[in-house]
């Protein structure tokens, strides 16, 4: 009992200290630190606000209060007004998609449909499960292929719950190392995979940023971007699963030795879907398929506009309403108020707050981006292309865990543009490096400011700090090595 009281006191003391340090960072430091170089007075305020919010997130774990205090600081510093804060918190497309997909996936999960689907997959993969590492590789590669057509947030609410159903059916708890490593890998894939298409508007926009700054004729070829990015990701998945087994010593015996007929939940007669589950799975698949489909109508036509409006978020909203109306055996398919009550609002608010704060790093009003480019410039003066690629990707990995992934990619594209000409003169193709920069920039998981998926990942109950900053960091460094290999290989073999 005495030990528990002491622990509670220590936690409270840490929380109080966290708030004091955060308040000093947000409101005292901006009065002391003067603008420097290209960083403006507003830039100083936003950097200090960013540091304060990060201190709160890491010391208190209170995402809601930390986010609210960050929003208050943004308002008092005059970076934006109340309407801007509201738009950042809930009014932008990413926050809306996460909100409604969370509610929708909760409704599907409440019926047990995803868990039942996991059980069904376990039975259908009986042979391959005898080789657990191969099972892991195949499962993650299948997820990677699906992610070529889905966004990362859609994956977080669809494919990852399927895996959780499989893990639970086999007998793994959320705290076991295999479960945590697989979840970490899937979040990393979810963030990066869609970008490996090389034809999406965001990827093309990033490359356009690079094209404007180079001093040599450059023609972007999506195929070169795509091949390098996909090969790098496939290599990463294979090495990731091998590392899980041989380096982190994950216990995968349950996958290989489990007798399905001895587990009540997995017996043949217990893997049949109920009517509720079938209907909700159909709704679930409708949302997933909508994420796969691009607009088939001519741009500018009424049908094209309607199709764009009825995106995956709107489909989730519509099907939520429909599922609350449909009744089976006198009960509605979905209890929407109950689903909303289970929402992790801290995730939504932290994402919105960091979208505002970290997003300011790339705006002209703060002057932070040109300053970062300037101080990074001396670091990348090497004439060794392998070292150059590794350093670019390592710094991309570092910065993308501290600020907006889009801001990070733009900054690192600018740095690359400054130094790439000498390598182009040697006959090296820069496009593979651009593809890997985008990929590394889209797999941040270490801080709540890193990207749309990081609050979802870090907010999971099983993801403790020790695991994230040991295994998580190790796997991110592995991704940098794989991306470097791909950038150098295809940079040398692909013609410009």
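Values as computed for the structure displayed
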{"read-out": "Test: residue in region 411-421 that is over 17 Å from residue 380 (Cα atoms), modelled with pLDDT of 85 or more and either out of contact with any strand residue (DSSP E or B) (no Cβ under 8 Å at 6 or more places or on another chain) or part of a helix (DSSP H, G or I) (or both)", "value": "no"}
{"read-out": "In region 96-117, residue farthest from residue 355 (Cα to Cα) [restricted to those that are modelled with pLDDT under 70 and surrounded by fewer than 21 Cβ atoms within 10 Å (Cβ to Cβ)]", "value": "115"}
{"read-out": "Set 399, 390, 395, 349: member being surrounded by fewer than 20 Cβ atoms within 10 Å (Cβ to Cβ) and either at negative phi or modelled with pLDDT of 80 or more (or both)", "value": "390"}
{"read-out": "Scope region 444-460; condition within 16 Å of residue 60 (Cα to Cα) and touching a residue at least 60 places away in the same chain (Cβ under 8 Å); matching residues", "value": "447, 448, 449, 455, 459, 460"}
{"read-out": "Qualifying position, being touching a residue at least 40 places away in the same chain (Cβ under 8 Å), in a helix (DSSP H, G or I) and either surrounded by fewer than 23 Cβ atoms within 10 Å (Cβ to Cβ) or touching a strand residue (DSSP E or B) at 6+ places or on another chain (Cβ under 6 Å) (or both), among 183, 189", "value": "183"}
{"read-out": "Residue pairs meeting the criteria (Cβ under 9 Å; at least 6 apart or on separate chains; first more than 23 Å from residue 459 (Cβ to Cβ), in region 328-350; second at pLDDT below 80 and surrounded by fewer than 15 Cβ atoms within 10 Å (Cβ to Cβ))", "value": "none"}
{"read-out": "Test: residue in region 407-430 that is surrounded by 22 or more Cβ atoms within 10 Å (Cβ to Cβ), free of Cβ contacts under 8 Å to residues at least 40 places away in the same chain and closer than 30 Å to residue 62 by Cα", "value": "yes"}
{"read-out": "Check on residue 333, modelled with pLDDT of 75 or more and over 30 Å from residue 274 (Cα atoms)", "value": "no"}
{"read-out": "Test for residue 479: is it within 17 Å of the chain's Cα centre (by Cα) and outside the structural domain of residue 63 (by TED's automatic domain parsing)", "value": "yes"}
{"read-out": "Members of region 165-174 that are surrounded by fewer than 19 Cβ atoms within 10 Å (Cβ to Cβ) and either without any contact (Cβ under 8 Å) to a residue 24 or more places away in the chain or closer than 13 Å to residue 109 by Cα (or both)", "value": "173"}
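The values are calculated or read from the model by the stated rules, or taken from the named source; none is laboratory data. Just so it is clear, the structure is predicted and the values come from calculations on it, not from any experiment. Don't worry about glycine lacking a Cβ; one is built from the backbone with ideal geometry, like all the others, and counts go over all protein chains shown.
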